[in-house]
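Beneath this line is the structure, given in structure tokens, with notes to follow.
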Amino acid sequence: MIPAVPGRPLVTGGAGFAGSHLLERLLETHDSLAAWSNPSSARRAVGHPRVCWSAVDLLDLPAIERTLASTRPSVIYHCAGLPHVAEAWSHADLAMRVNAFGTHLLLEGIRRAGLQCPVVIAGSALVYRPSPRPLKEDDPIGPTDPYGVSKLAQEMVGLRASTPVLIARPFNHAGPRQSSAFVTSSFARQIAEIEAGQSEPVLNVGNLDSRRDITDVRDTVRGYEALAASGRPGIAYNVCSGQAYRVGDLLDMLLKMARVPVRVDVDKARFRPSDNHTVAGDPSRIAADTGWRATTPIEQTLGDLLDWWRACVNERIGARP
């Protein structure tokens, strides 16, 4: 059982994939939560009366300082940012501004508001130099894409903060509400659309031979909570399962759950400009310091993801005139 950090937590990026699951997790142990979303979006993934939402632009320091001063959170989970590797290739400048400079402004807002609350920064395992073996936190750094560079810059900013900062390095995570820009969610969406008769029974895929350490998103956000409770500030922590799955094997699991026959078509356009063959992590440090470990079977993660996409597709069909 992970001990809850007392007080009122704040989740930046609360309308996003991991942020929304973290809010649901924190609602189990807290009477009141604060959440931020981008002002350009009216989306509220968790519409609970105990969640107080604020529209805050991460690049607007006065708004950050003002909102923090009025909220005075006990802990901040910084999940906001540009989350897509592919988008970072097209908009490297935006990735740096949002992920690195936005984090700098958040930490500066904390300082100006006179807060000393711990901050858990949701970084990325893509800061590491590629390696065929499970990566440890002390392994060489060497990101190979603009997204990884922006997350490394985010870490460096965090380590210079005046408030306690804990660095999470999550590896791939999956589950309900994930964008179809990510591989398993793309598979699940296509299968759901095929089942509903909205697409031809052909599933377009990219590189199936890559191997990825994938953790259920609900386990991942438990890891963030565990770090806030008993992690060591200034230390990086892998948040991962410790097991790398071949992407083609994950696809096979989803195809077995499909309700109709589906043909697979490899699309070279879906291959990334730079794609590490194997991305796997060693979760020993977070397990030793907090007791956290991933517990959700991959089959459950994929099944819940597919069911969520089925619900989304059915809702979309039902909404049509």
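Miscellaneous remarks
- Degrees, to the nearest 10: 217-230 long Cα axis against longest axis of the chain: 20 degrees
- 5 angstrom amide H check on residue 278, placed H, neighbours 5+ away: 211
- Local electrostatic count at residue 259 - Lys and Arg +1, Asp and Glu -1, tallied over other residues with Cβ under 13 Å: -1
- Phi angles across the stretch 183-189 convert, under the Karplus curve 6.51 cos²θ - 1.76 cosθ + 1.60 with θ = phi - 60°, into 3J(HN,Hα) values of 4, 5, 6, 4, 4, 4, 4 Hz, Gly and Pro given as x.
- Mean projection area, nm², convex hull over Cα of the stretch 86-150: 5.5 nm²
- Every helix of 4 or more DSSP H residues in the chain counts as -39500 (n - 2.57), and over all residues that averages to -11500 deg cm²/dmol at 222 nm.
- With Cα atoms, 0 to 90° folded angle of helix 298-319 axis to the chain main axis: 80 degrees
- The mean sequence separation of alpha-carbon pairs under 8 Å and at least six residues apart, normalised by the residue count of the chain, gives a relative contact order of 18 percent.
- Based on the convex hull around the alpha carbon atoms, the chain presents an average projected area of 16.1 nm².
- Most to least accessible of 151, 256, 136 (protein chains only, probe 1.4 Å): 256, 136, 151
- Full extension of the chain between residue 111 and residue 160 gives 16.5 nm of extra length, using 0.36 nm per residue less the Cα-Cα distance.
- Protection proxy ranking of 303-312, 18-27, 215-224 - average other beta-carbon atoms within 10 Å, highest first: 215-224, 18-27, 303-312
- Integer Hz, Karplus 6.51/-1.76/1.60 couplings in order for the stretch 79-88, x for Gly and Pro: 9, 6, x, 7, x, 9, 4, 4, 5, 5
- Heavy-atom accessible area ranking, 1.4 Å probe, most first, across 173, 277: 277, 173
- Amide H within-cut-off set for residue 239, under 5 Å, with H built and near neighbours excluded: 169, 171
- Protein accessible area in the stretch 188-321, 1.4 Å probe - carbon and sulfur %: 47 percent
- Accessible-area composition of the stretch 111-161, carbon plus sulfur, in percent [1.4 Å probe]: 54 percent
- Residue-normalised accessible area of the stretch 108-259, expressed per residue, 1.4 Å probe, Å²: 37 Å²
The values are calculated or read from the model by the stated rules, or taken from the named source; none is laboratory data. What you see is a predicted model; the values in this text were computed from it and never measured. Backbone-built Cβ (ideal geometry, glycine too); neighbour counts: all protein chains shown. Accessible surface is based on the protein model in full, side chains and every heavy atom, while ligands, DNA and RNA are left aside. Shrake-Rupley method; radii C 1.70, N 1.55, O 1.52, S 1.80 Å.
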